[in-house]
Amino acid sequence: MSTSPAPQDADTPDSDGKGAMRMGILPSLVGRQLRLAYLRTFKDFAMAVEGTSLSPGSFEILELLSCNPGLSHSRLASAIGLEKSSLVPAIARLEEMALVKRKQSATDKRSNELRITPKGERVLAELRSYVVQRESEITEGMARAEVDTLNRLLAKMAGING
């Protein structure tokens, strides 16, 4: 059962020298906390891959193709929670960068199989190293059980079973 957030009297720290700011219900909103966490991780990822057109979504695509060679657009889109039409431009960018290649399916002439290229594997290895390091920094101060619980609860929020 869902409950409405209770008004909070939480204040933000006085980081700008202008005094604490009253935050109302904002600290109790899960969506706000998710947005702030996402912005923090996205900004850091963007700085790490500056000068490229790679994004956290690109990393996810490369990781899935590395683990599942020959995925169709449909299965890949489903795995990352996008519509197939939204995935097409991302695949085209990765293809232009020679990180991914498409090949007509041997079993279904109407669909393509997606594969990561050797260059894509090299880029992915660098990204994995960064992501693992960054995950460790983001969760610093959290016990392993807390990280596991957070991941489980976020998956539950996203409607991911398992």
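The values are calculated or read from the model by the stated rules, or taken from the named source; none is laboratory data. Bear in mind the structure is a predicted one, so any value in this text is a computation, not a measurement. Counting neighbours? That spans all protein chains shown, and the Cβs are built from the backbone with ideal geometry, glycine included.
Could you tell me whether any residue of the stretch 55-64 is in contact with a Gly (Cβ under 9 Å, 6 or more places away or on another chain), surrounded by 11 or more Cβ atoms within 10 Å (Cβ to Cβ) and modelled with pLDDT of 75 or more? Working first, answer last.
Taking the stretch 55-64 and keeping what is in contact with a Gly (Cβ under 9 Å, 6 or more places away or on another chain), we get 62.
Still in the running and surrounded by 11 or more Cβ atoms within 10 Å (Cβ to Cβ): 62.
Restricting the remaining residues to those that are modelled with pLDDT of 75 or more gives 62.
Yes, there is a match, as at least one residue in the stretch 55-64 is in contact with a Gly (Cβ under 9 Å, 6 or more places away or on another chain), surrounded by 11 or more Cβ atoms within 10 Å (Cβ to Cβ) and modelled with pLDDT of 75 or more.
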How many residues of the stretch 66-88 are over 17 Å from the mean Cα position of the chain (by Cα) and either farther than 24 Å from G159 by Cβ or among the acidic types (D, E) (or both)? The answer is 2
Within the stretch 70-117, of all residues that are touching a Ser or Thr at 6+ places or on another chain (Cβ under 7 Å), of a type outside the set (A, V, I, L, M, F, W, C) and part of a loop (DSSP other than H, G, I, E, B), the one nearest to S55 (Cα to Cα) is S72
What are the pairs with Cβ atoms under 7 angstrom where one residue, in the stretch 18-30, is within 30 Å of A158 (Cβ to Cβ) and in contact (Cβ under 8 Å) with a residue 24 or more places away in the chain and the other, located anywhere, is surrounded by 13 or more Cβ atoms within 10 Å (Cβ to Cβ) and not small (G, A, S)? Sequence gap at least six, or different chains.
L29/P5
Being under 20 Å from F59 (Cα atoms), in a helix (DSSP H, G or I) and in contact with a Lys or Arg (Cβ under 8 Å, 6 or more places away or on another chain), is that true of even one residue in the stretch 139-162?
no
